[in-house]
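Read through the structure below, which is laid out as structure tokens, and then see the notes.
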Amino acid sequence: MRILQLHCDNIEYNPIKKEISAAEDIDPKPKRFEEIVVAFVAVEEDDDKIVAANAILQIKDSMKKIGCQKLLLYPYAHLSSTLASPNTALSILKEMESLASDLEIYRAPFGWTKSYKLQVKGHPLAENSKVITKESVEDSSSTALKTESKIKSFWHIMTTDGKMHDIGSFNFSKHKNLEVLAKYEAAKKRSVDEPPPHVRLMKKMAIADYEPASDSGNMRFYPNGRLIKSLIEHYVNEKVHEYGGLEVETPIMYDSHHPSLESYFNRFPARQYNINSEGKHLILRFAACFGQFLMATDFQLSYKTMPLKLYELTRYSFRR
């Protein structure tokens with residue numbers, strides 16, 4: 001299954017005519033929705049109810065991050081060349097609709113030619129694509145994800161004397177900025193109503209921008225931005241070398257079932273990009289520290305080389 005997911009200010013569509021014989025029988029009236037997540041869905045061969053359930057889980061997870069409770073499922077065959085049969089596709093879409101019944105859920109008619117117009121919001125999580133397969137279902141049900149929802153958080157303020165104070169009873173009268181930060185962190189709300197000021201500035205000054213042809217959050221750096229980055233990298237390298245650090249370089253992908261890494265990867269499942277290659281499940285690294293640990297295990301060390309100060313200035317780490 002392939003999904004193009006958009007967080008929209010609004011979308012309106014108008015069913016024009018039936019495109020296939022299996023098209024739904026509907027009253028072809030124009031529809032308009034405000035403040036909604038639109039999921040353009042292509043159901044593929046071999047997709048089943050398990051894939052549908054995993055797709056809805058992933059959609060709900062991303063909707064929670066942006067603080068939206070309205071979802072429109074929009075059949076969109078143009079995302080794939082290996083489509084399921086019309087009857088199967090409609091059945092899967094109805095299953096997804098049923099699984100999302102706890103949301104304010106809508107579904108565009110299946111099998112119709114439709115005109116549509118939409119306006120996408122301008123924030124980093126407004127646009128993303130998903131590929132849902134049977135193989136990805138197992139990945140999504142890792143122990144870390146299952147237990148994450150059971151975690152109960154406790155919030156405290158540590159004062160300069162080392163004492164801990166419950167956030168609810170702490171006196172913020174002389175710490176207004178800290179109060180704003182504490183409430184923001186405790187609320188765990190990461191939705192955005194408008195792009196942060198730095199997004200406008202980085203574009204205006206030709207430093208960087210989001211790359212629409214990539215996944216959410218991935219950026220392209222213009223010459224000004226690349227110069228700034230290179231100067232910062234040079235400064236950091238210079239200071240770490242002065243400290244005695246030894247720079248290394250490690251791979252950007254690892255076997256997810258490596259005995260030294262599997263439990264570590266399972267602690268951060270939401271961050272991962274996954275690749276299947278010749279029967280091996282690989283993960284694009286979201287940090288570089290484990291590559292340095294793997295490298296250090298092959299070193300012959302003695303007390304004369306301690307402390308060993310390895311570092312990598314990672315330019316390519318991948319976090320979803």
Could we say that K229 is outside the structural domain of F299 (by TED's automatic domain parsing) and surrounded by 12 or more Cβ atoms within 10 Å (Cβ to Cβ) here? yes
Within the range 232-245, residues being exposed (fewer than 12 other Cβ atoms within 10 Å of the Cβ) and either part of a helix (DSSP H, G or I) or of a type outside the set (G, A, S) (or both) number 7
Looking only at the range 19-44, count every residue that is assigned to a strand (DSSP E or B) and either more than 14 Å from L90 (Cα to Cα) or small (G, A, S) (or both) and tell me the total. 10
Filter the range 98-110 for residues that are crowded, with 17+ Cβ neighbours inside 10 Å and either at pLDDT below 95 or not assigned by TED's automatic domain parsing to the domain that holds K18 (or both); the one that is nearest to F40 (Cα to Cα) is A100
Hey, among the residues in the range 63-92 that are within 20 Å of H7 (Cβ to Cβ) and buried (at least 20 other Cβ atoms within 10 Å of the Cβ), which one's nearest to the chain's Cα centre (by Cα)? M63
Picking from I16, I56, I36, I3, the residue that is of a type in the set (A, V, I, L, M, F, W, C) and over 19 Å from M96 (Cα atoms) would be I16
Of the criteria (1) exposed (fewer than 14 other Cβ atoms within 10 Å of the Cβ); (2) touching a residue at least 12 places away in the same chain (Cβ under 8 Å); (3) over 27 Å from E312 (Cα atoms); (4) of a type outside the set (D, E), which one P195 fails: (1)
Return yes or no: is D47 assigned to a loop (DSSP other than H, G, I, E, B) and crowded, with 16+ Cβ neighbours inside 10 Å? yes
Hits in the range 168-209 - residues which are touching a Pro at 6+ places or on another chain (Cβ under 9 Å) and at pLDDT 90 or above: A206
In the range 273-314, residue farthest from the chain's Cα centre (by Cα) [restricted to those that are touching a residue at least 60 places away in the same chain (Cβ under 8 Å) and part of a loop (DSSP other than H, G, I, E, B)]: L308
When every residue in the range 259-272 that is assigned to a loop (DSSP other than H, G, I, E, B) and exposed (fewer than 14 other Cβ atoms within 10 Å of the Cβ) is compared, the one modelled with the lowest pLDDT is R267
The range 50-84: number of residues that are assigned to a helix (DSSP H, G or I) and either in contact (Cβ under 8 Å) with a residue 12 or more places away in the chain or not charged (D, E, K, R) (or both): 19
Tabulated pairs, the range 203-232, first farther than 27 Å from N274 by Cβ, second small (G, A, S), C-beta under 7 angstrom, 6+ apart or interchain: I207/G225; Y222/A206; Y222/A208; N224/A206; G225/A208
All positions within the range 279-313 that are modelled with pLDDT of 90 or more and in contact with an Asp or Glu (Cβ under 9 Å, 6 or more places away or on another chain): G291, Q292, L310, Y311, E312, L313
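The values are calculated or read from the model by the stated rules, or taken from the named source; none is laboratory data. Since the model is a prediction, treat every value here as computed from it, not as a measurement. Backbone-built Cβ (ideal geometry, glycine too); neighbour counts: all protein chains shown.
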